[in-house]
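The values are calculated or read from the model by the stated rules, or taken from the named source; none is laboratory data. It should be emphasised that the depicted structure is a prediction, and the values quoted were computed from it without experimental measurement. FYI the Cβ positions are ideal-geometry reconstructions off the backbone, even for glycines, and counts take in every protein chain you see. Surface areas here come from the heavy atoms of the whole protein model, side chains and all, with no ligands, DNA or RNA. Shrake-Rupley method; radii C 1.70, N 1.55, O 1.52, S 1.80 Å.
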Amino acid sequence: MSQWLWILGKVLLLARVAASVNFFHHRYEELVQALFDVKGACPYITRLYSIGRSVQGRHLYVLEFSDYPGIHEPMEPEFKYVANMHGNEVLGRELLLQLAEFLCEQYRHGNQRVTQLIHETRIHLLPTMNPDGYEVAAAQVPGNPLGYLVGRNNANGVDLNRNFPDLNTVMYYNEKQGGPNHHIPLPDNWRSQVEPETLAVIQWMKSYNFILSANLHGGAVVANYPYDKSQEQRSRSVWQAQNSPTPDDSLFQKLAKSYSYAHGTMHQGTNCGDIFPDGITNGASWYSLSKGMQDFNYLHTNCFEITLELSCEKFPPESSLVFEWRKNAEALITYIEEVHQGIKGLVSDDNNNRLAGAVISVKGIAHDVTSGEHGDYFRLLLPGTYTVTASADGYQPQTVTVTVGPAAPTEVTQLQKFTFSSRLVRRRPPSISINYCPTQPCL
């Protein structure tokens, strides 16, 4: 009973806030103004920055929320939402604007849940990756029979979700023949093969150690998780739809369900005439997609990303926006909180110098992550007991056993954490010193 009351309280809170928000489709200038308005209302917990420009010169603005905006705090994970990658799929764009206003307003009102989230997470919101395409979609004549396609691509006519370097082919080869299972290198000529918007996002991914992400789309209602590209060979130049799980398949399913079950209707799995049990699907089992952003995140960075299809209509009417916010608001918050599961820690040497690029391996899961430039690492994991190894060139590897307890997203202090004060030591057996903090942060 107490759990249901807790859930009801969260829903009522979000419903009350929804009534105070302006719901309309924001053209580019209005979107920029909305972002500056939030920054002005909450200057001490926000930062507005541009990661680059579109083909037509529009800024790709990101709004950051943090108690120390502009600064990476070691042991604090980085999270991102990306929306409007397809210019005509617009609900995610509006939801991120509403989310930004919600976070600002609730922080100012002292909401404990939002305050804790902002104090313990660095959140980055990119409301539009394809502002040029959006302007085309927004300007189309109503009733156009091809309207569902207008504005999808960027100004060069390129689908940005088919424009990232294809790392799946390399990964599938490595699985059979041996090779790295993470941070797969980019081809030498990759910059010449991607659009300005894609280039900006890739450079953004390289600049921040993102741990969890979601890419907001439209045209269905389902949480889609990697891999998007089928491992099967082409048949008549068409990739066959077939389940293509990652080594973290169970974790990705849990992440997808965290959104679908917090959403108003997604978990029902019967929206838009589709059937998706639990409201989730493996990408390749739905349809195979090559050069997508979701798989790229997983294969080239430390970031776990899913794709959220949020509305049957790609460009829903303004009258529906308030209802869509109410369906998605709790899910948007809940999914951010999922970044606080698993393990995290610091890797340092004998002189207490923090080591960037140390490889963190979990026995039985063939996908590694690495420590960031501050030596901190984050490894999303389901509850269980794991054997974890940290290794770096020139140092003896360190191995520990850790038990991850049940996730409690709203009470981050109850998540399992341990610290590799473990001292990777050069050329001699390591002396391991581990601070293991099962119920509260290490101090």
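Near Ser348, the amide H atoms lying under 5 Å from its own belong to Leu355, Ser422, Arg423, Leu424; only residues 5 or more places off or on other chains count, and H is placed 1.01 Å from N. For Tyr172 and Ile71, what is the calculated FRET efficiency with R₀ set at 45 Å and r taken between the beta-carbons, to the nearest 0.05? Calculated transfer efficiency: 0.70. Note on region 22-338: with neighbouring protein chains present and a 1.4 Å probe, carbon and sulfur make up 50 percent of its accessible heavy-atom surface.
Give the peptides 74-86, 179-191, 158-170 in descending order of average Cβ contacts within 10 Å, highest first.
74-86, 158-170, 179-191
Trypsin sites (Lys or Arg not before Pro) within region 290-367: which are DSSP loop residues with at most 11 other Cβ atoms inside 10 Å?
Lys363
The H on the amide N of Thr370, modeled in the peptide plane, is under 5 Å from the matching H of Ile360, each at least 5 residues off or on a different chain.
Note on Arg326 and His109: their simple-model spin labels are 1.6 nm apart, each label 7 Å out from Cα toward Cβ. 3J(HN,Hα) along region 193-199: 9, 10, 7, x, 5, 5, 4 Hz, from the Karplus curve 6.51 cos²θ - 1.76 cosθ + 1.60 with θ = phi - 60°, whole Hz, x for Gly and Pro.
You can think of it this way: the chain between Ser319 and Tyr44 has 95.7 nm of extra reach, that is 0.36 nm per residue less the Cα-Cα gap. For region 81-135, the solvent-accessible area with a 1.4 angstrom probe is 20 square angstrom per residue. Classify region 126-200 as rounded, prolate or oblate from the Cα gyration tensor: take a ≥ b ≥ c as the square roots of its eigenvalues, call it rounded if a/c is under 1.5, otherwise prolate when a/b beats b/c and oblate if not. Prolate shape, in that a/c is at least 1.5 and a/b is the bigger ratio. When peptides 247-255, 305-313 are sorted by average Cβ neighbour count within 10 Å, with the highest value leading, the order is 305-313, 247-255. Phi-derived couplings, Karplus 6.51 cos²θ - 1.76 cosθ + 1.60 at θ = phi - 60°, listed residue by residue for region 349-364: 9, 4, 9, 6, 7, 6, 9, 8, x, 5, 8, 10, 10, 10, 4, x Hz, with x used for Gly and Pro. For region 312-416, a crude dipole built from +1 on the beta carbon of Lys and Arg and -1 on the beta carbon of Asp and Glu, taken about the Cα centre, is about 240 debye to the nearest 20.
Based on alpha-carbon atoms, the Kirkwood radius and the radius of gyration of region 22-338 give Rg/Rh equal to 0.94. Label positions at Cys272 and Asn189, each projected 7 Å from the Cα along the C-beta direction, are separated by 3.5 nm.
For the peptides 123-130, 317-324, 369-376, the ranking by mean Cβ contacts within 10 Å, running from highest to lowest, is 123-130, 369-376, 317-324.
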